[in-house]
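Taking it in order: structure first as structure tokens, then the write-up.
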Amino acid sequence: MPRMLDVSEDVRAEIGDEEADRLLAGENAPGSYDCTSCRTPGDSEQERTSTVLFVGEETAVLAFAHATCIPSQVVKVAEEQLQGAVRSITGAEAQAAAATAPVPAGDQAVLGVTSGLVLIDNELHPALVVEPTAPIARPGTTGGGDEFLPLLIEQGFLPVGDVNQRPSPIAGWSVLLAMGQLHAILQPGTGGGSPVAWWQAHQPLQVTEGWRAAANKSHTVLVFAAPVGSIGQQPREDLLRDALEKAAANGRLVAAAMPLAGT
């Protein structure tokens, strides 16, 4: 039976016309599936379904998602991350990610990313807080100084004066939540190409059910960023909120609202 599948031009180019046509005809597509974004059941015979192709250096995995969660797209991920997802899908033991996940952001610093819920206008919003472990220099320069916030402002992030105000959207950036876990923060590719990872988890980052539910409700994630030493590792969301407000008051916080998974 034909499926209600969306196959983007990028996905079709990767898998080929023959395979894409077989999917649309229902030959290789499952009727029921677990959405790769929200992890709730879907049915490609009854509702619009996106084909999402995760591509590593050597491996590619085709997954399915509610079209209302994320559009059909090609997502480039690290090979070891994709292999981990394959092991998880096939039932092999998978390692659980910690509450924060660092990733290289230069020769000496890594970016720490923490997930949490932030209350704005009496509504809980899913948020990510990014803080480097060391000052970030401008590429191609040497010497002291921390250019982390100026570099982000140049990309479209805006300074936060009041955490109670919802951050403005940023063009071309998105947050990749796949297979129910946080994988990456994506930024626009050069020359209009496919999005690339600005931050990518060493291994998929676990988020709470409440965080995922809020993200799937709003399809938007608030991303806050602060220089090293501004936020720290806060064990509770109320302490994280206090740290964000202090950083904002000191002019050390920028933010942007990003779509979940992006286009």
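The values are calculated or read from the model by the stated rules, or taken from the named source; none is laboratory data. These figures come from a predicted structure and were not determined experimentally. Cβ atoms come from the backbone with ideal geometry, glycine included; neighbour counts cover every protein chain shown.
Within segment 170-191, identify whether any single residue is farther than 16 Å from V221 by Cβ, out of contact with any His (no Cβ under 6 Å at 6 or more places or on another chain) and modelled with pLDDT of 90 or more, and answer yes or no. Within segment 170-191, not a single residue is farther than 16 Å from V221 by Cβ, out of contact with any His (no Cβ under 6 Å at 6 or more places or on another chain) and modelled with pLDDT of 90 or more.
Only one entry of A96, A109, A127, A105 meets the criterion of being within 25 Å of V221 (Cα to Cα), at pLDDT below 55 and touching a strand residue (DSSP E or B) at 6+ places or on another chain (Cβ under 6 Å), and that entry is A105. Restricting attention to segment 1-19, the residues being crowded, with 18+ Cβ neighbours inside 10 Å and within 14 Å of V61 (Cα to Cα) number 3. Within segment 130-144, the set of residues being outside any loop (DSSP other than H, G, I, E, B) and either of a type in the set (V, I, T) or at pLDDT 90 or above (or both) comprises V130, E131.
For segment 14-47, give me the residue count where each residue is of a type in the set (D, E, K, R) and under 18 Å from N216 (Cα atoms).
4
Please verify whether R166 is modelled with pLDDT under 85, closer than 27 Å to A248 by Cβ and touching an Asp or Glu at 6+ places or on another chain (Cβ under 9 Å), treating the condition exactly as stated. It is false that R166 is modelled with pLDDT under 85, closer than 27 Å to A248 by Cβ and touching an Asp or Glu at 6+ places or on another chain (Cβ under 9 Å).
Restricting the search to segment 242-263, which residues are more than 21 Å from the chain's Cα centre (by Cα), at negative phi and not polar (S, T, N, Q)? Correct list: D242, A243, E245, K246, A247, A248, A249, R252. Q181 meets each of the listed conditions (1) under 15 Å from P259 (Cβ atoms); (2) surrounded by 14 or more Cβ atoms within 10 Å (Cβ to Cβ) apart from (1). Which numbered condition trips up K246, out of (1) touching a residue at least 40 places away in the same chain (Cβ under 8 Å); (2) in contact with a Lys or Arg (Cβ under 9 Å, 6 or more places away or on another chain); (3) under 21 Å from L124 (Cα atoms)? (1) is the only condition that K246 fails. Does segment 161-183 include one or more residues that are over 11 Å from the mean Cα position of the chain (by Cα), among the hydroxyl-bearing types (S, T, Y) and under 21 Å from V11 (Cβ atoms)? Checked against the condition, which is being over 11 Å from the mean Cα position of the chain (by Cα), among the hydroxyl-bearing types (S, T, Y) and under 21 Å from V11 (Cβ atoms), segment 161-183 yields no hits at all.
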